[in-house]
1. Quickly run through region 34-73 and pick out the residues that are aromatic (Phe, Trp, Tyr) and farther than 21 Å from residue 269 by Cβ.
2. Starting from region 326-352, take each residue that is under 14 Å from residue 304 (Cα atoms) and in contact (Cβ under 8 Å) with a residue 60 or more places away in the chain and list its partners that are hydrophobic (A, V, I, L, M, F, W, C) and assigned to a loop (DSSP other than H, G, I, E, B), counting only C-beta distances under 7 angstrom and pairs at least six apart or across chains.
3. So residue 164 clears everything in (1) over 21 Å from residue 248 (Cβ atoms); (2) in contact with a Gly (Cβ under 8 Å, 6 or more places away or on another chain); (3) not β-branched (Val, Ile, Thr) except one condition, right? Which one?
4. Assuming residue 148 fulfils every condition listed in (1) closer than 30 Å to residue 107 by Cβ; (2) in contact (Cβ under 8 Å) with a residue 12 or more places away in the chain; (3) exposed (fewer than 13 other Cβ atoms within 10 Å of the Cβ) apart from one, which condition is it?
5. So, of the residues in region 244-265 that are hydroxyl-bearing (Ser, Thr, Tyr) and outside any loop (DSSP other than H, G, I, E, B), which turns out to be surrounded by the most Cβ atoms within 10 Å (Cβ to Cβ)?
6. Where in region 143-205 are the strands (runs of 3 or more DSSP E), entirely inside, with at least 1 residues that are within 26 Å of the chain's Cα centre (by Cα) and outside the structural domain of residue 288 (by TED's automatic domain parsing)?
Amino acid sequence: MRIRVAVVLLGLAGLAPPAHAQMGGGGPPAVSFVEARRQPVTESTEFIGRIEAIGRVDIRARITGFLEERLFEEGSEVEEGKLLYRIERAPYEAQLDQARANVASAEATLANARTALARARELRVTGAGTQVALDNAVAQERTGQAALLGAQAAVRVAEINLAYTEISAPLAGAIGRSTYTPGNVVSPSSEALATIVSQDPMRVAFTVPSRAAGELRARYEARGGRNAVVIRIRRADGTLYAQQGTVTFIDTQVSRDTDTLLLRANMPNPVVSGAYQGLTGARELVDGQFVTVLVEGAEPVQSIVIPRSAVAQDQQGFFVYVIDAENKAQRRNIRMGTSTADSATIESGVNEGDRVVTEGIQRIRPGQVVNPAPAGQRPGQPPAGRPG
């Protein structure tokens, strides 16, 4: 019985495939690689920001009266000092005339008091007048002086109120819609008549997470800090704004609610070529619009760049496979800088000249012997320019 079992087992053993066939028999896995090289790279980090006008003024009435005239086109650009509104002048002209009449009356009263004072002094010197009469004359003269000063101040107030009947632009910029139309009564307690926002330059405000702020500081501090970066913006349609700006403000406190730091940068906002400055939409940047802010290095730096397809990620972070001198794949944990869909800048973990696997990553494991070939070349094929 035992002999029969042994014969069966031997027969089955004869049908089993060889050991190398069980392992696949294909040899080391084929992979493609590129040699890591340094090249000029413009470092860039993106954040979300909002365009803001540097100057903003709400136009308000300083007096109460009927709005007689609006002298601008809504949405247009106005120059500093341009007349915008007129308020009814007649009541304030009458107040000014009355104030001037009061000045004339006060001047006449003062002149009479001075004459009486001179007479009282003469009588007192000759002994015909009393000291009480002289004291009363002095008091009347001083009262007349005070009344004249008050009347003159009233004239000044009336002149100021009359000037307030004409409202001019305190700064150059784009003016929005008019809240009131002619015929309405406006006063200091009314809503703003309109709002003017400056146009050139504009300002982009954006917040940076505190961790990212620390990384940016470490990257650019030795190169000149804020002077080592330029600001570019990408609009909502994905197009890049042609002008670049500079950082003008870094907040001194991190927001306790969002753990972010506020930064601002001034951006030129010239008139679009072929557009008339005074028309609506003559400039590309508009107060309040959302944009993507790109914080870029002012000068390119030499960095190691590899294809983005060479980078993998797991729970430990980003890594690549590097082929050593024995054609073994070795894992390297890396720290990436600027990354796009096609390329990745490596800040640490890869050295210049390393052979980095770009294709076949999923077929290898650390320490495994591989069959490498330069990217774009079949394994075993001689390098371009060499005989087979």
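The values are calculated or read from the model by the stated rules, or taken from the named source; none is laboratory data. Since we're looking at a predicted model, the values are computed, not measured. Counting neighbours? That spans all protein chains shown, and the Cβs are built from the backbone with ideal geometry, glycine included.
1. As a first pass, look at region 34-73 and keep what is aromatic (Phe, Trp, Tyr): 47, 66, 72.
Of everything in region 34-73, just one residue is aromatic (Phe, Trp, Tyr) and farther than 21 Å from residue 269 by Cβ, namely 66.
2. Note: pairs meeting the criteria are 346/334; 350/36; 350/334; 351/36; 352/36.
3. Tallying (1) over 21 Å from residue 248 (Cβ atoms); (2) in contact with a Gly (Cβ under 8 Å, 6 or more places away or on another chain); (3) not β-branched (Val, Ile, Thr), residue 164 fails exactly one: (2).
4. So the condition that residue 148 fails would be (3).
5. Of region 244-265, the ones hydroxyl-bearing (Ser, Thr, Tyr) are 246, 248, 252, 255, 258, 260.
Subset that is outside any loop (DSSP other than H, G, I, E, B): 246, 248, 260.
Numbers: 246: 14, 248: 14, 260: 18.
Checking each candidate, the answer is 260.
6. Numbers: elements: 166-168, 173-175, 194-197.
Hits in region 143-205: 173-175, 194-197.
Residue by residue, here is whether (1) among the polar types (S, T, N, Q); (2) under 30 Å from residue 85 (Cα atoms); (3) surrounded by 10 or more Cβ atoms within 10 Å (Cβ to Cβ); (4) modelled with pLDDT under 50 holds:
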position	(1), (2), (3), (4)
14	no, no, no, yes
18	no, no, no, yes
28	no, no, yes, no
34	no, no, yes, no
39	yes, no, yes, no
45	yes, no, yes, no
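Matching residues to (1) in a strand (DSSP E or B); (2) modelled with pLDDT under 95; (3) buried (at least 16 other Cβ atoms within 10 Å of the Cβ):
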site	(1), (2), (3)
72	no, yes, yes
81	no, yes, no
86	yes, no, yes
94	no, no, no
101	no, no, no
105	no, yes, no
111	no, yes, no
115	no, yes, no
